[in-house]
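Encoded as structure tokens, the structure appears first; notes follow it.
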Amino acid sequence: MDEDAVYMSLAVEQARRAASEGEVPIGAVLVCDGAVVAHGRNAREGAADPTAHAEMIAIREGAERLGRWRLTGCTLYVTLEPCPMCAGALVNARIDRLVYGAADPKAGAVGTLYDLSSDARLNHRYEVTAGVLGDECGALLRKFFRDLRASRDD
């Protein structure tokens, strides 16, 4: 298994934990200099916070642990393509690289609907690798929403 798949599998673990907590199963892991420095999983429902996306939580935790807001030298692994808020946070945090699993046709902002990662009008750009463990990441989301719909039909 290559390095990206290893770190993405850690993000998938976070997504599974989110699902077990009743949250949409999205997980993230922040890696700097070959070490995991932060992780996050969706917590919008539990925190009653619309910004409690997995990426935002991992970025905040990573900045706190590293003692700096510039997260240069870091890669963020996330199970779903980031939304505009999270893609913008990656710009603001000066993240070097993003690796994501499943594309998001409804809100994807690093290539699907928008591409904030390489917009020359912004003050920072970051490399993107898409589709790492994408089938597994997408399956988690589909199962979560299928189960949610089934529970509402009961």
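The values are calculated or read from the model by the stated rules, or taken from the named source; none is laboratory data. Note that the coordinates shown come from a computational prediction; the quantities given were computed from them, not determined experimentally. Backbone-built Cβ (ideal geometry, glycine too); neighbour counts: all protein chains shown. These area figures cover heavy atoms from the full protein model, side chains too; ligands, DNA and RNA do not enter into them. Shrake-Rupley method; radii C 1.70, N 1.55, O 1.52, S 1.80 Å.
At 1.4 Å probe size, with no ligands or nucleic acids counted, give the accessible surface of LEU122 in Å², nearest ten.
Accessible area, nearest 10 Å²: 60 Å².
Could you give the dipole magnitude of the chain about its Cα centre, charging the beta-carbon of Lys and Arg +1 and that of Asp and Glu -1, in debye to the nearest 20?
The dipole magnitude comes to about 340 debye.
Of all beta bridges DSSP finds with both residues in the chain, what is the antiparallel percent, to the nearest 5?
Percentage antiparallel, nearest 5: 55.
Can you list the trypsin sites (Lys or Arg not before Pro) in region 80-147 that are in a DSSP coil and have 13 or fewer other beta carbons within 10 angstrom?
LYS106, ARG121
Give the long-range amide H neighbours of HIS39: residues separated by 5 or more places, or on another chain, with amide H under 5 Å away, using H modelled in the peptide plane at 1.01 Å from N.
So HIS39 has HN proximity to LEU30.
How much area per residue is accessible in region 58-124 when the probe is 1.4 Å and only protein heavy atoms are counted (Å²)?
Spelled out: the 1.4 Å probe surface of region 58-124, per residue, equals 45 Å².
Taking amide H atoms as placed 1.01 Å from N in the peptide plane, list the residues 5 or more away in sequence, or in a different chain, whose amide H sits under 5 Å from that of CYS74.
ASP96, ARG97
Per residue, what accessible area does region 1-45 have, given a 1.4 Å probe and all protein chains present, in Å²?
Per residue, region 1-45 has an accessible area of 46 Å².
For the chain, take the longest principal axis of its alpha carbons; what is the angle in degrees between that and the long axis of helix 134-153, to the nearest 10 within 0 to 90?
40
Obtain the nm distance between the two label points defined at ARG16 and ASP147 by a simple spin-label model: each point lies 7 Å from its Cα along the Cα-to-C-beta direction.
Here the answer is 1.2 nm between the modelled labels.
Can you pull out the trypsin sites (Lys or Arg not before Pro) in region 13-56 whose DSSP state is coil and whose Cβ has at most 14 other Cβ atoms within 10 Å?
none
With +1 on each Lys and Arg Cβ and -1 on each Asp and Glu Cβ, how big is the dipole of region 63-135 about its Cα centre, in debye rounded to the nearest 20?
For region 63-135, the charge dipole is close to 340 debye.
Over region 49-154, what is the relative contact order in whole percent, taking alpha-carbon pairs under 8 Å and six or more residues apart?
23
Taking all protein chains in place and a 1.4 Å probe, what share, in percent, of the accessible surface of the chain do carbon and sulfur account for?
51
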